[in-house]
Each structure stands twice: as C-alpha cells, then as structure tokens.
Amino acid sequence: MRQQNILKNAFAAAVAVADPQVIVPQYLAKIFPAGQEPRGRCLVVGAGKASASMASALEIYAQAHWPQVNLEGVVLTRYGHASSTKHIQIIEAGHPVPDQAGMDGAKAIYALAKQLELGDVLIALVSGGGSSLLTLPQEGISIEDMRQTTEALLRSGAPIEEMNIVRKHLSAILGGNLARVAIERGARVEALLISDVTGDSPADIASGPCAADYSTYQDAFAIFEKYHLGKDDIPVSVLNHLQQGLAGEKPETLKEADLVNAQVANHVIATAYKSLEAAADYVRSQGYEPIVLGDTITGEAQAVGISQAQLAREHLSKLTDKPIAIISGGECTVTIPAGVKGRGGRCSEYLLSLFAASKDLPNLAALAADTDGIDGSEKNAGAWFTGDVRAGSMAKGIAPEPFLASHDCYGFFAELDALVETGPTLTNVNDFRIILLNTSYA
C-alpha cells in the first residue's frame, strides 16, 4: 500500500506544479508589473487542454489588479476541460481529431484577432492540444479534409512533432499566423504557454500560433512521403495546398525575419521537466533517491517499456540499502495495426509493456499517466502496478501478452482495478512515468 500511495502522490505533485491557477497569476505579475498594466483593449484568445483554466485564472487576476481593463475573448478547449469564466467565452471541441465545434471556435478566435488595432494587447493562452483545436484550414481545405488528414497521420504512427508540422502548413492560425494578424495591426502579443513537448520550444507548443516557425512546406510534404501517405490517404485539397506552397504560391509560416520590430513575446510558464523535478522532490521526502531521466524519452510505447525494464534491472543490480525512483517524461507513440481497435493510450501501453518485461523484478512498482488526466481512448489518466497487482494478475490468470498483442492495455489494468482516474486535470505537461525499486517488498 505504501508503494501505491507514493506512486500516486508523486503524480499528484507533478500535476500540481503546473496548475494554471497558481502559475498564470505569477507570470502576469512579471509581464505586466505595477504601472505597466494593459491599456486600451485587451483581447484574450487561446486553445489547449489547459487553456480554459488559464482563462479562469487570468480573469481572477485581472479583476483584482486591472480594474480598468475590460476583458473579452474566446478560448478553445477539449470536451470536458472547461472552467468557469464571466468575460471570456469557453468553447469545447474535439481532440485529437478536429470537429465542427473546433472549427467554429477557431473562426471566432481569428475574427477577434482581426479586430485588433494599434496599441491593443492580445493575450494568448496556449497549451498542449491546441494544434487540433485550432484547426482553421486555409482557403480551399474543409474541416473534413483536415479530419481525414489527422486520422491518416494518427494511423501511420507519426509522432506529434511531425503531425504538427503538417498542421502548421494547413492552418490559418498555427505556425505563427495568429501573431501575424496582430503584427499587421500594430498590436502587442503576450503568449503564455504550458508546454507538453520535448524541448519546450514555443514553435512546437500547440504548433506555435504566436511563434516563428522553423519548418517548411517541403518538410510537411516529406512527412507524407516518409509514411507512404498519398492520394488514397490524404485529400486532394491538402496535397494541392502543399504543392502550391512548394511552388511559392502560398505564404510560408511566420519566420524570425517577420518578428523584427514586432511586439511579440512567448512565455513558457510550465514544463514537463519542472513537473518531473516536483515529483523527484516528493519521492526524496519519502526516502527514495530520484533518478530523473528527462522529459525527452520518445518512441514506441512498448519498446520504451522493455527498455526501461532493462534499465531498472541494471540499477537494481547496483542498488544499496536506499531505494530509488526512476522518473521520466516525453511522449511515446502507439502504432495500431489495421483491423485492431485497441483500448487505452500510450501511458498504459508503456506500463503494460514494462509489467510484462519485468516479471523477474517482483519488488518493482510503477505508474504512468498523462498529466492532462486522459490517456488515449478511455477516461483514465493511465495505470499503476505494485507487487500486489502482479500477484493479482497471476491469481486471476490474466497474462499481459494477449492484451499487448491486441493493444488493450486499458482492459488489462481495469481487470486488476489498477487504473489512474483523475478526470481532466485542466493542465497538460505531457506524460509522467515513475518506477520504484526496492531491495525488499514494501
């Protein structure tokens, strides 16, 4: 029971340090110090799994510190991730596959940005999940075309970084295009970003609606070629748009040269690494020596699980009296074969792989969960196991291998009552993984 509590409390510590209600006011005070509060119009836009909570925190702060400012805005978030606001409209929409609600919300954000004038301030609240939510296609591309493209990329196993390169070059908002609208109107842009991507680059967080982009139309086309996606998979309108971009007939995404003399700033206010550090501080208080592998671990979830089982084995062979906790982040991928439905997500798939690959380590306990509270296709954040869960699987005759083969990691851990269920956390700093190693069962 102690291991179970430590696993869950470490995850809670990781989520808490990225709570928008805490960090948004801290950064607003830095960006707009006393005497330099917004003047004139202050428009608020945003998108992502944490954006509604960020909007709620901003409203509370503005009421206390900016009584002269009239806020208005539109923020998009995933279904079930809304927060209470009075002046900023919250729109819930589909994620990761875009839907009409998302397109309508993105249109409203774009229209609001078009109202900016010289001297106005645009505050953008951006977090992971914003890429699919801000799916306002370029002219000639429909929402159904975007949906089909997203589904094809998901099936191919393309990592989120590559998916977002494509999205940037099909969107009227992503890839710095939102900032471009404000720049053209002489407005100031302050973007607050909660990062769920490795490296924490503003260009990568929700595909950088307010940041200079490093990718090109050629890069987007190369991704389709890499995964052998052609006209049978990708709509003709999308392929034609990219070809026109390659030919110089469509403008590129925002570049550094476009930001010369512009009033645009991107502030990364929460990161996966800060959350890993918070978890490390917690386990240290419980007598564990933390080993933080970093927030850049990617790859197929099952392969990462096998790799980390071996890493645990190596550490256990050197273990002294003090137990250790191996902590890591980064977004894995799950490639689903044709005809397989699967249940779960990348966190629980990693964990089931780790479970299967560590049968010789009865004292190993672990948890993996998405900090946004939703891991893949179901409503759980992830899953966990201890020696007791392993004993339960043996007693019930539930072997992990068939569940791994059918990508039903949710079904396996549900059978053993070992799901992590938090509901939407209203933040998002990528995936969280922790392995506890003891010399004796605790």
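The values are calculated or read from the model by the stated rules, or taken from the named source; none is laboratory data. These numbers come from a predicted model, not from an experiment. So basically every Cβ, Gly included, is an ideal-geometry build from the backbone, and we count neighbours across all protein chains shown. For the accessible areas, the whole protein counts, side chains as well, though only heavy atoms, and no ligand, DNA or RNA atoms are used. Shrake-Rupley method; radii C 1.70, N 1.55, O 1.52, S 1.80 Å.
What GluC sites (Glu not before Pro) does the stretch 198-264 have in DSSP loop regions with at most 15 other beta carbons within 10 Å? Listed in order of number, the matching sites are E249. For the stretch 98-216, the solvent-accessible area of protein heavy atoms averages 28 Å² per residue (probe radius 1.4 Å; ligands and nucleic acids excluded). Projected area of the stretch 188-312, taken from the Cα convex hull and averaged over every viewing direction, in nm²? Computing the convex hull of the Cα atoms and averaging its projections yields 11.6 nm².
Near I297, once Lys and Arg are set to +1 and Asp and Glu to -1 for all other residues with Cβ below 12 Å from its Cβ, the sum equals -2.
If you count Lys pairs in the stretch 310-442 whose Cα atoms are under 24 Å apart, skipping same-chain pairs closer than 8 places in sequence, the total is 4. When the solvent-accessible area of the stretch 310-352 is split by element, carbon and sulfur atoms take up 53 percent of it, the probe being 1.4 Å. Candidate cross-link partners of K107 among the lysines, defined by an alpha-carbon separation under 27 Å and a same-chain spacing of 8 or more, comprise K49, K86, K168, K250, K255. The mean sequence distance of close C-alpha pairs (under 8 Å, at least 6 residues apart), as a share of the length of the stretch 21-176, puts its relative contact order at 25 percent. Applying 1/(1 + (r/R0)^6) with r as the Cβ-Cβ distance of S285 and H228 and R0 = 56 angstrom yields a FRET efficiency of 0.65.
Taking one quarter of the surface of the C-alpha convex hull of the stretch 268-377 gives a mean projected area of 8.0 nm². Calculated accessible area for the stretch 305-373 comes out at 37 Å² per residue, all protein chains present (probe 1.4 Å; ligands, DNA, RNA ignored). Expressed as a whole percent, the accessible surface of the stretch 174-303 that belongs to carbon and sulfur atoms is 49, based on a 1.4 Å probe. Computed over protein heavy atoms with a 1.4 Å probe, the carbon and sulfur contribution to the accessible area of the stretch 102-146 reaches 50%.
When every Cα-Cα distance of the stretch 18-93 is counted in 10 angstrom steps from zero, the calculated P(r) takes the values 20, 54, 23, 3 percent.
As a length-normalised measure over Cα pairs under 8 Å and 6 or more apart, the relative contact order of the chain settles at 17 percent. Using equal-weight Cα scatterers in the Debye expression, the normalised intensity of the stretch 353-426 in log10 at q = 0.27 Å⁻¹ is -1.33. Each peptide in 228-239, 112-123 was scored by the mean count of other Cβ atoms within 10 Å over its residues; highest first, the order is 112-123, 228-239.
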